[in-house]
Amino acid sequence: MALETSPESPAPVRSIALALEGYVARLGAVWVEGQVAQLNRRASTTYLTLRDTEADMSVSVSCPTRVVDACLPPLTEGARVVLHARAEYWTARGSLQFRATEIRPVGLGELLAQLEARKQLLASEGLFAAERKRRLPFLPRRVGLVCGRSSDAERDVVENARRRWPAVEFEIREVAVQGVRAVAEVRAALAELDAHPEVDVIVVTRGGGSVEDLLPFSDEGLVRAVAACRTPVVSAIGHEKDSPLLDLVADLRASTPTDAARRVVPDMVEQARMVEDLQRRARHAIRARVELQQGWLDAARQRPSLAAPLVLVDRRADEVAALRERSRRTVAHLLERAHDDVSHVRARVRALSPAATLDRGYAVVQDEAGAVVQDAADVEPGALLRVRLARGGLTARRE
């Protein structure tokens, strides 16, 4: 039942603590699953911290040491367990604690079954689909690296990448790569590198390990965080045989940290060799093209029209001269015929001209009006007449 409180009638701390103790006591014994974060073994009682694998929450657990000793395999920090415990609220300290009576380590079979179920769930949401994976940049400005503290995986990635491309720059975030803090620290490093303006690719790496050691890299929250990254992510977890869920959601899976270095930066020696090969191929192609065109030009220059270009002109010049001569003869012939025609017409005109008649001694008589007199009876006596001769004329009067 809820406590009746008000500003005028508040409940003392002991009342609240006792109420919480009662609420917790009614919970009874429950089965709880989690990961052992800390383990403090004593003679009769063992204290451990049980952490939730999906959220940043933990609770203190105490149990008889004989219960811990009965666990097979032996209980260690980082192990996943299922325990039967009763919750207790300590009113004096104001803390919650579980008292366990049975602890069962989660076996490899159960872990693999859980991972398979999680894999199927995430795959059904399309987080592993090939079409959502992005291409890595050819030459990143800066490589983000998430790795263990002073780990061999870090050295493998950095040294091999710089051996391939000495100018490569890294933005390194050293985090816990196993244990209870691994998921939170890896997610925080991912978020920081994804927001970095110069980081073009992120590599998440660690060395190999058991299935339990690699469990943080199959965490659902971490897998979703990688899927939400805007920057391409390369997974280099463990060795070829290791396959956490991070490998499936990453844009590229590298089999080893060394392989990750090979994937994220090009090999300068190989690129220089490729440039030299391209230059050699370009020179060969240009030389072959020039030789081909030179051969075509030489063949063209050997053609008669180019070897002796005036031959056709000379041949046409003779034809033009012959045509000009024919034209000249034709025009002269036509002019001669036209001259003859004009002479004949002129002769006929002269023959029919009155002047020709006058030249033969005849004269033309005209009256004062200029009319030709053809009959003497038409002229009055004493009328003036004009007599036209071949050369000149004279005036006469009719008697």
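The values are calculated or read from the model by the stated rules, or taken from the named source; none is laboratory data. Quick caveat, the model's predicted, so the values are computed rather than measured. Note: ideal-geometry Cβ built from the backbone for every residue, glycine included; neighbour counts use all protein chains shown.
Please identify the pairs in which a residue from the range 148-171 that is assigned by TED's automatic domain parsing to the domain that holds Pro257 and more than 11 Å from Val265 (Cβ to Cβ) has its Cβ atom under 9 Å from the Cβ atom of a residue that is of a type in the set (Ser, Thr, Tyr) and part of a loop (DSSP other than H, G, I, E, B), counting only partners at least 6 apart or on another chain.
Within 9 Å, the pairs are Ala153/Thr256; Asp156/Thr256.
Which ranges mark the strands (runs of 3 or more DSSP E) fully within the range 313-399 that have 3 or more residues being surrounded by 11 or more Cβ atoms within 10 Å (Cβ to Cβ)?
Fully inside the range 313-399 and qualifying: 364-366, 384-388.
Taking the conditions exactly as written (within 49 Å of the chain's Cα centre (by Cα) and among the polar types (S, T, N, Q)), does Thr91 satisfy them or not?
For Thr91, the condition - within 49 Å of the chain's Cα centre (by Cα) and among the polar types (S, T, N, Q) - is not met.
Given the condition polar (S, T, N, Q), within 30 Å of Asp69 (Cβ to Cβ) and assigned by TED's automatic domain parsing to the domain that holds Val32, answer yes or no: does some residue in the range 96-113 qualify?
Checked against the condition, which is being polar (S, T, N, Q), within 30 Å of Asp69 (Cβ to Cβ) and assigned by TED's automatic domain parsing to the domain that holds Val32, the range 96-113 yields at least one hit.
Among the candidates Val158, Val143, single out the residue that is outside any loop (DSSP other than H, G, I, E, B), buried (at least 17 other Cβ atoms within 10 Å of the Cβ), within 25 Å of the chain's Cα centre (by Cα) and not basic (Lys, Arg).
Being outside any loop (DSSP other than H, G, I, E, B), buried (at least 17 other Cβ atoms within 10 Å of the Cβ), within 25 Å of the chain's Cα centre (by Cα) and not basic (Lys, Arg) holds for just one of Val158, Val143, which is Val143.
Restricting attention to the range 65-84, and to residues there that are within 15 Å of Pro216 (Cα to Cα) and surrounded by 16 or more Cβ atoms within 10 Å (Cβ to Cβ), which single residue is modelled with the lowest pLDDT?
It comes out as Gly78.
Looking at Glu77, Glu33, Glu8, Glu116, which one is of a type in the set (D, E, K, R) and over 60 Å from the mean Cα position of the chain (by Cα)?
Of Glu77, Glu33, Glu8, Glu116, the one residue that is of a type in the set (D, E, K, R) and over 60 Å from the mean Cα position of the chain (by Cα) is Glu8.
Gly126 passes all but one of (1) free of Cβ contacts under 8 Å to residues at least 60 places away in the same chain; (2) in a strand (DSSP E or B); (3) not polar (S, T, N, Q); which number fails?
In the conditions (1) free of Cβ contacts under 8 Å to residues at least 60 places away in the same chain; (2) in a strand (DSSP E or B); (3) not polar (S, T, N, Q), Gly126 misses (2) alone.
From the set of residues in the range 33-64 that are of a type outside the set (Ser, Thr, Tyr) and under 12 Å from Leu96 (Cβ atoms), which is surrounded by the fewest Cβ atoms within 10 Å (Cβ to Cβ)?
Within the range 33-64, the match that is surrounded by the fewest Cβ atoms within 10 Å (Cβ to Cβ) is Met57.
Report yes if some residue within the range 286-297 is farther than 30 Å from Ala191 by Cβ, among the polar types (S, T, N, Q) and assigned to a helix (DSSP H, G or I); otherwise report no.
Yes, because at least one residue in the range 286-297 is farther than 30 Å from Ala191 by Cβ, among the polar types (S, T, N, Q) and assigned to a helix (DSSP H, G or I).
Can you name every residue in the range 98-128 that is closer than 20 Å to Asp219 by Cβ and at pLDDT 85 or above?
Lys119, Gln120, Leu121, Leu122, Ala123, Ser124, Glu125, Gly126, Leu127, Phe128
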